[in-house]
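The values are calculated or read from the model by the stated rules, or taken from the named source; none is laboratory data. Keep in mind it's a predicted model, so treat the numbers as computed, not measured. Glycine gets a Cβ as well: all are built from the backbone with ideal geometry, and neighbour counts include every protein chain shown. When the accessible area is computed, the model is the full protein with side chains, heavy atoms only, and any ligands, DNA or RNA have been set aside. Shrake-Rupley method; radii C 1.70, N 1.55, O 1.52, S 1.80 Å.
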Amino acid sequence: MEDKRLIYLDNAATSFPKAPGVKEAISNFLENIGASPSRSAHPLSIASGRILHSSRSLLAKMLGLKDLKRILFTLNATSAINMALKGILKEKDIVVTTQMEHNAIKRPLNALKDKLNLQIREIPTDSLGNLDLKKAQNLCKGARVLACVHVNNVMGAILPLEELSQIAKSTNTLFLLDATQSAGIIALNDIFTKVDLLALSAHKGLLAPMGVGVLALSDSFNQDCLEPLVYGGTGSLSEEEFQPNFLPDKFESGTPNMHGIAGLKAALEWIEQKGVANIYQEKYELGLYLKEKLSSLNNIQTYFPSFGIANFSFRLKNKSISEVGLKLGETYGICLRVGLHCSPATHKVLGSLKWGGTLRVGLGAFNTKEEMDYLLFALKEISKS
């Protein structure tokens with residue numbers, strides 16, 4: 001049985017389709033506004049500035065921030081993480097992370113390790129995504145930053161934020177959270193009672209275009225502890241040849257991706273109306289169904305966490321992951337991710353590195369039970385062939 005339908009299950013990389021209204025918002029900006037925000041006094045620049053302000057305000061509301069100027073727009077979560085790590089860390093600092101981190105954290109830390117003579121400590125993590133919190137307490141002693149992902153992008157494990165937050169506070173360690181896989185999926189309205197800095201991308205759970213990210217600072221975070229990653233024009237204090245020292249201009253040099261931010265504004269409005277709690281519940285229930293059905297298949301190895309959401313990894317024991325991924329796409333129109341998912345550290349812990357990684361289902365806001373059934377049918381057919 002072959003089917004010409006298209007089923008998109010690669011939402012952990014980039015969500016598709018986007019939220020209702022996103023396409024129209026981008027088109028409207030390109031056709032009717034098009035100007036740089038707040039750089040001039042003419043109507044189009046003012047209209048652009050209002051979109052930027054509204055997007056910042058909606059994000060601040062979602063994250064429970066009182067000061068919307070603490071929403072700093074970047075290119076993506078990776079650039080936000082680089083801004084945080086390179087802007088905070090100094091010579092001989094200690095950084096704590098986990099054994100299952102994405103390269104968005106691993107690579108900048110390794111690049112800075114020799115340059116700054118950093119000490120990088122990793123919290124032991126088992127194949128179910130559980131952290132050794134007793135060792136985490138000791139590892140954070142004397143550390144400058146605790147940097148980790150909120151939801152693992154390979155197998156969906158959710159980190160114990162409450163416990164990690166308590167450890168960070170008790171050891172006076174700054175807590176940087178990568179919320180790339182959780183923003184728009186898990187409620188974050190009280191996140192800054194737990195963390196100091198938060199990075200996210202618009203193109204995943206926020207159902208918005210690529211090319212927009214955010215580094216958000218808690219209301220209590222001292223901005224003087226953070227140096228800009230990029231210096232340049234901001235449209236403010238243009239008579240000065242030095243970077244402004246006020247938020248958000250200190251960290252937002254150059255013209256922002258305004259058509260992307262216009263799309264983000266529309267996506268945030270849709271998510272607010274839909275409700276993050278409802279999105280979470282729908283994904284949780286669909287994920288439980290998928291996990292149960294996948295676990296019942298023959299010749300399959302699954303990599304599921306003790307507690308997780310949205311991302312599910314597996315492989316067919318009698319097939320290479322590349323073979324299965326290609327067959328799913330070409331024959332059945334099923335789009336999912338194959339490989340290491342930019343997180344070889346996770347695959348080392350899972351034991352899947354020797355297989356070249358896993359097949360990953362990344363559930364989105366618009367996936368259905370019928371699509372899960374069709375995926376299961378396709379996997380059974382491929383396994384038998």
Heavy-atom accessible area per residue of the chain, all protein chains kept, 1.4 Å probe, expressed in Å², is 43 Å²
Mean Cβ-within-10 Å packing, highest first, puts peptides 280-287, 112-119, 202-209, 306-313 in the order 202-209, 306-313, 280-287, 112-119
Tally up the carbon and sulfur contribution to the accessible surface of the chain as a whole percent, 1.4 Å probe, everything protein left in place. 51 percent
Aspartates and glutamates within cross-link reach of residue 23: Cα-Cα under 19 Å, excluding same-chain residues under 8 positions apart? 31, 269, 272
Residue by residue through the stretch 226-231, what is 3J(HN,Hα) from phi via Karplus (6.51 cos²θ - 1.76 cosθ + 1.60, θ = phi - 60°)? Round to whole Hz and write x for glycine and proline. 10, 8, x, 7, 10, 10
Helix 103-116 axis, angle to the chain major axis (alpha carbon atoms, nearest 10°): 50 degrees
Protection proxy ranking, peptides 290-297, 136-143, average beta carbon neighbours within 10 Å, highest first: 136-143, 290-297
Residues meeting the amide H criterion for residue 121 (H placed from the backbone, H to H distance under 5 Å, 5 or more places apart or on another chain) are 95, 96, 97
Highest first, please rank the peptides 149-162, 26-39 by the mean number of other Cβ atoms sitting within 10 Å of their residues. 149-162, 26-39
Percent relative contact order for the chain, counting Cα pairs under 8 Å at least six residues apart, stands at 26 percent
Mind listing the long-range amide H neighbours of residue 342? Cut-off is under 5 Å, sequence gap 5 or more, other chains count too, H placed in the peptide plane at 1.01 Å from N. none
Calculate the length of the line joining the C-alpha centroid of the stretch 65-126 to that of the stretch 153-220, in whole Å. 13 Å
Using just the helices of the chain, give the 222 nm mean residue ellipticity in deg cm²/dmol: DSSP H runs with n ≥ 4 each add -39,500 (n - 2.57), and the total is spread over all residues, rounded to 500. -12000 deg cm²/dmol
Working from Cα positions, state the angle (0 to 90°, nearest 10) between the long axis of helix 276-295 and the longest principal axis of the chain. 30 degrees
In the structure shown, of 317/348; 293/380; 169/283; 113/250; 113/141; 106/317, the pairs separated by more than 23 angstrom at the C-alpha atoms are 169/283; 113/250; 106/317
